[in-house]
Amino acid sequence: MRRPPALLRAPLAASVILSAAACAPVPDGSAEDARTLTVFAAASLTGAFEELGGVFEERNPGTAVEFSFAGSSDLAAQVNAGAPADVFASASTATMDLVVDAGGAGGEPVVFARNVLEIAVPPDDPAGIGSLDDLAEDGVSVALCAEEVPCGAAARAVLDASGVEFEPATLERDVKAALTKVELGEVDAALVYTTDVAAASGRVRGVPFPEAEEAVNDYPVAVLADAPEAGLAASWVELVTSPEGAEVLSGAGFRTP
Amino acid sequence: MTPFRPGGRARPADAPVRIGGGRFPWLLVVPALLGLGFLVLPFAGLLARAPWSTLGTRLLMPEVRDALLLSLTTATAATAVSLLLGVPLAWLLARTRFPGLRVARALVTVPLVIPPVVGGVALLLVLGRNGVVGQYVHAWTGYSLPFTTPAVVVAQVFVAMPFLVISVEGALRAADRRYEEAAATLGATRAVVFRRVTLPMAAPGVLAGAVLCWSRALGEFGATIMFAGNFPGRTQTMPLAVYLAMQQSPDAAIVLSLVLLLVSLAVLVCLRDRWVSAP
Amino acid sequence: MSPPDAALSARLVVRRPAFTLDVRVEVAPGEVLALLGPNGAGKSTVLRALAGLLPLSGGRVLVDGRDLTGEPAERRPVGVVFQDYLLFPHMSALENVAFGPRCRGVRKAEARRIAAGLLEGMGLAGYAAARPRSLSGGQAQRVALARALAVEPRLLLLDEPLAALDAHTRASVRSGLRRRLAAFDGATVLVTHDPLDAMVLADRVLVVEDGAAVQEGAPADVARRPRTEYVARLVGLNLYRGRAEGTRVLAAGASGAAVPITVPGVHSGEVFAAFPPRAVALYRERPAGTPRNTWPAAIDGVERFGDQVRVHLTGELALSADITPAGLADLALSPGDEVWASVKATEVECYPA
């Protein structure tokens with residue numbers, strides 16, 4: 001260890017002497033014993049993971065779970081730039097591959113959840129959307145996610161496979177932005193995930209459609225190679241892939257393997 | 001006995017002022033260089049990581065050209081609109097007194113304070129298809145502003161106009177109003193005084209404000225993507241393209257950022273040169 | 001009340017907290033009136049009120065018989081040469097001069113022709129394209145005058161027209177201005193605090209102090225017979241006020257006692273007595289001979305004044321004396337010394353207060 005600079009040394013010494021003189025029993029430094037598990041997870045996992053975080057902390061006393069929820073690509077970029085995370089849970093295998101290819105994953109990623117698209121419409125459904133084909137009708141304005149983000153890639157795959165063609169009003173940067181446009185009634189519909197509709201229940205309504213099976217989105221999770229808490233990270237992966245984890249994820253609208 | 005003058009001695013008027021007894025002003029230069037480095041280094045980072053080998057092909061992609069063109073035209077249009085509305089507003093704030101003036105002055109700065117995304121939502125709530133104002137427009141004309149190129153301009157005006165207003169207001173406050181009086185005695189009406197004396201004399205402030213406004217509009221992201229959405233060729237400006245490119249390919253994002261950076265630098269440098277060289 | 005032929009006839013009342021201006025200004029066609037007064041006396045307020053840049057609290061403004069009281073500045077037939085000239089820095093000299101005619105509806109080409117003619121008349125034909133900042137002080141002053149005259153005003157106002165100039169150019173600019181003002185057939189009001197400007201440029205002087213007119217008259221009369229301490233100091237006279245009894249004026253001394261001043265001629269009532277410092281002689285001993293006024297005094301200070309030396313004296317009567325340096329040396333005077341000051345009665349100007 002580096003010696004503290006001269007300026008700091010005197011007060012440091014003084015405090016050591018003082019505490020020794022006081023002879024007070026020092027309680028176990030909880031700050032040193034507490035262990036923190038850092039989980040980077042796709043924003044769509046927010047609700048389910050927070051619930052599982054509570055379970056995890058209960059099961060592992062003295063452990064705190066910290067989350068960083070964001071777009072999977074942002075998180076992948078952060079992991080590859082050396083962010084101190086233990087676990088990465090992505091909303092697509094493609095973004096997970098960015099980390100795997102960079103050698104950032106500590107093991108083989110495991111798919112723990114799946115998500116499919118749904119049509120989100122405002123509660124009053126002004127355009128009367130009942131199927132995917134309805135989106136292509138004249139005067140119907142639709143928000144899709146941009147193809148660069150997972151929900152947009154999935155939407156593109158579904159539309160291409162089903163041969164439905166239309167020009168969307170906008171290609172949103174993420175699911176939340178697309179949902180906002182639906183909630184405000186600025187568009188008649190958006191293609192988002194079932195989980196997003198579940199999270200926004202009341203403000204938007206979900207219309208399932210069979211073509212959604214063309215793009216089932218896998219959620220992989222992996223312990224990271226440079227995980228400071230590799231042991232805890234493995235326990236986390238275990239929890240989310242357990243039946244108990246599956247129950248929580250189903251509650252949030254996910255399918256589980 | 002010597003005669004004396006009570007008037008005192010003449011002061012050397014032209015002696016240059018020297019600060020700090022002629023020593024090198026470290027106290028200013030060191031933080032100044034740190035500040036400059038802090039602002040410039042991130043760009044150096046972009047340059048260092050730029051994928052030079054694929055630069056040419058990426059630059060020629062039609063998406064890049066479309067986004068750049070859209071950015072330049074919308075930022076310029078937004079600046080024009082801001083000048084049209086912002087200069088009179090600045091004049092009102094600088095030169096008139098009315099109840100609520102202080103509140104009005106504070107309100108002008110609101111777009112500077114709130115996150116642009118919130119600004120975008122606010123614009124949707126007012127001008128959107130279901131908005132406070134927009135619903136009537138939509139009901140009567142069938143026109144809906146969001147997701148159109150004009151919506152990009154509206155979002156940019158919202159976030160960028162305050163820069164212009166504040167800059168012009170400052171210039172108008174600093175102006176010597178006696179010149180306006182001189183113009184009035186020569187027969188100039190208020191409108192002529194404003195057009196031929198006030199505005200030309202405040203020109204540096206107006207230009208600085210317009211440059212700031214243009215730069216801010218060019219870089220505008222949050223309000224634009226919220227209010228105008230993102231559609232290539234129609235509402236996808238460079239910052240939006242950069243953001244989305246970042247989702248998939250950071251290299252492409254770096255290239256786009258460099259393009260934006262170079263184009264804006266070129267425009268600003270040219271503008272500044274013209275402005276400084278013209279007396 | 002006002003003479004029918006007055007080009008300018010105005011009564012100006014401007015009330016502000018802690019200051020009230022109330023003056024009458026009458027100027028005949030072709031006449032130049034100088035407003036003389038100390039800083040803060042209200043001279044510039046008069047000018048701004050005449051130009052319409054300052055609202056009146058009372059009174060009215062007639063120019064060539066036309067009531068301008070309610071007219072805004074841009075509709076008054078008034079040309080103003082401002083202190084510092086205020087030439088528009090973003091316009092050439094020609095554009096500055098053409099600005100007024102343009103604003104008054106003259107077509108562009110015609111306005112430029114008028115402006116070019118005026119600049120030529122000012123000897124500035126070669127400077128038409130010059131920006132104000134490249135002009136010398138004297139040139140700028142002429143451009144400003146041309147700009148004010150270009151609107152063919154009936155009333156010309158000049159605010160300290162020479163104050164921005166250095167001493168060298170001042171004299172020549174002053175005489176040039178005098179010629180040009182003489183050629184102007186409307187009323188001219190000129191504000192100055194320099195008595196020389198007033199003497200050279202004006203036909204009449206109006207002294208304003210503390211918002212009121214305190215003296216008015218031909219420049220020579222004002223210079224010879226000042227009526228206030230300010231004017232007396234300005235024109236360099238010793239001035240006393242007192243009660244006349246025959247050939248004697250009883251002035252109030254410093255202690256309150258009456259100090260007699262012998263004057264030529266018989267007067268009565270309240271009068272002023274004035275004499276120039278060069279009429280004062282100083283002696284170590286009380287001089288003999290009677291036609292002189294003699295007062296004891298103490299030397300307060302000495303300063304060079306042209307080729308003379310001005311001696312400031314305190315005593316019952318405070319006064320200034322101009323003597324030659326040789327005289328000063330002969331007397332071996334230094335501050336605090338007691339001397340006798342003497343003035344011939346014939347040197348004293350006495351006039352009713």
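Observations
- So residue B:198, is it in contact with a Phe, Trp or Tyr (Cβ under 8 Å, 6 or more places away or on another chain), at pLDDT below 95 and not aromatic (Phe, Trp, Tyr): yes
- Number of residues in the stretch A:31-78 that are in a helix (DSSP H, G or I), within 14 Å of another protein chain (Cβ to nearest Cβ) and surrounded by 21 or more Cβ atoms within 10 Å (Cβ to Cβ) equals 4.
- Boolean, residue C:45 is closer than 27 Å to residue C:193 by Cβ, of a type in the set (Ser, Thr, Tyr) and under 18 Å from the mean Cα position of the chain (by Cα): yes
- Matching option when the condition is of a type in the set (S, T, N, Q), out of contact with any helix residue (DSSP H, G or I) (no Cβ under 7 Å at 6 or more places or on another chain), outside the structural domain of residue A:144 (by TED's automatic domain parsing) and in contact (Cβ under 8 Å) with a residue 12 or more places away in the chain, among A:63, A:93: A:93
- Residue, farthest from the other protein chains (Cβ to nearest Cβ), within the stretch A:184-204, restricted to residues that are buried (at least 19 other Cβ atoms within 10 Å of the Cβ) and not hydrophobic (A, V, I, L, M, F, W, C): A:194
- Qualifying positions in the stretch A:154-183 - within 13 Å of chain B (Cβ to nearest Cβ) and of a type in the set (Gly, Ala, Ser): A:169, A:177, A:178
- Only a single item in (1) in a helix (DSSP H, G or I); (2) within 11 Å of another protein chain (Cβ to nearest Cβ); (3) free of Cβ contacts under 8 Å to residues at least 60 places away in the same chain is not met by residue B:205, and it is number (2).
- The lone exception for residue A:118 - which of (1) closer than 30 Å to residue A:36 by Cβ; (2) buried (at least 20 other Cβ atoms within 10 Å of the Cβ) it fails: (1)
- So residue B:177, is it basic (Lys, Arg) and either farther than 30 Å from residue C:103 by Cα or within 14 Å of chain A (Cβ to nearest Cβ) (or both): no
- Residues satisfying the stated conditions in the stretch C:85-110, i.e. under 15 Å from residue C:156 (Cα atoms) and either more than 10 Å from chain B (Cβ to nearest Cβ) or of a type in the set (Phe, Trp, Tyr) (or both): C:85
- Answer from C:273, C:254 - the residue that is touching a strand residue (DSSP E or B) at 6+ places or on another chain (Cβ under 9 Å), away from chain B (no Cβ under 14 Å) and assigned to a strand (DSSP E or B): C:273
- Condition check for residue B:191: farther than 18 Å from residue C:86 by Cβ, under 27 Å from the mean Cα position of the chain (by Cα), among the aliphatic types (A, V, I, L, M) and surrounded by 19 or more Cβ atoms within 10 Å (Cβ to Cβ): no
- Those residues of the stretch C:66-84 which are more than 8 Å from chain B (Cβ to nearest Cβ) and without any contact (Cβ under 8 Å) to a residue 24 or more places away in the chain, in sequence order: C:66, C:67, C:68, C:69, C:70, C:71
- Scope the stretch C:131-148; condition crowded, with 24+ Cβ neighbours inside 10 Å, more than 10 Å from every other protein chain (Cβ to nearest Cβ) and of a type outside the set (Gly, Ala, Ser); matching residues: C:141, C:142, C:143, C:145
- Meets criteria (out of contact with any Lys or Arg (no Cβ under 6 Å at 6 or more places or on another chain), of a type in the set (Ser, Thr, Tyr) and within 14 Å of chain B (Cβ to nearest Cβ)) for residue C:334: yes
- With respect to being modelled with pLDDT of 90 or more and β-branched (Val, Ile, Thr), residue C:207 fits the description.
- Scanning the stretch B:222-246 for residues that are part of a loop (DSSP other than H, G, I, E, B) and within 10 Å of another protein chain (Cβ to nearest Cβ) yields B:228, B:229, B:230, B:231, B:232, B:234, B:235, B:236.
- Within this structure, residue C:93 passes the test of being at pLDDT 95 or above and either among the aliphatic types (A, V, I, L, M) or on the phi < 0 side of the Ramachandran plot (or both).
- Selected residue [acidic (Asp, Glu) and surrounded by 21 or more Cβ atoms within 10 Å (Cβ to Cβ)] from C:197, C:221: C:197
- Options B:217, B:183, B:171: the member that is away from chain A (no Cβ under 14 Å), surrounded by 15 or more Cβ atoms within 10 Å (Cβ to Cβ), in contact with a Lys or Arg (Cβ under 8 Å, 6 or more places away or on another chain) and outside any loop (DSSP other than H, G, I, E, B): B:183
- Any hit, the stretch C:38-47, residues being of a type in the set (Gly, Ala, Ser), away from chain B (no Cβ under 14 Å) and assigned to a strand (DSSP E or B): no
- Any chance residue B:31 is modelled with pLDDT of 85 or more, farther than 20 Å from residue B:257 by Cβ and not in a helix (DSSP H, G or I): no
Yes or no, residue by residue, for (1) touching a Leu at 6+ places or on another chain (Cβ under 7 Å); (2) surrounded by fewer than 18 Cβ atoms within 10 Å (Cβ to Cβ); (3) without any contact (Cβ under 8 Å) to a residue 24 or more places away in the chain; (4) under 22 Å from residue C:231 (Cβ atoms):
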site: C:295; (1), (2), (3), (4): yes, no, no, no
site: C:300; (1), (2), (3), (4): yes, yes, no, yes
site: C:319; (1), (2), (3), (4): yes, no, no, yes
site: C:336; (1), (2), (3), (4): no, yes, no, no
site: C:347; (1), (2), (3), (4): no, yes, no, yes
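- Taken together, the residues in the stretch B:110-152 that are over 23 Å from residue B:74 (Cβ atoms) and surrounded by 13 or more Cβ atoms within 10 Å (Cβ to Cβ) amount to 2.
- Scanning the stretch A:135-146 for residues that are within 8 Å of chain B (Cβ to nearest Cβ) and either within 19 Å of the chain's Cα centre (by Cα) or not aliphatic (A, V, I, L, M) (or both) yields a count of 2.
- Long-range neighbours under 8 Å by Cβ, at least six apart or interchain, first residue at positive phi and among the charged types (D, E, K, R) within the stretch B:50-79, second modelled with pLDDT of 95 or more and not in a helix (DSSP H, G or I): none
The values are calculated or read from the model by the stated rules, or taken from the named source; none is laboratory data. Since we're looking at a predicted model, the values are computed, not measured. Counting neighbours? That spans all protein chains shown, and the Cβs are built from the backbone with ideal geometry, glycine included.
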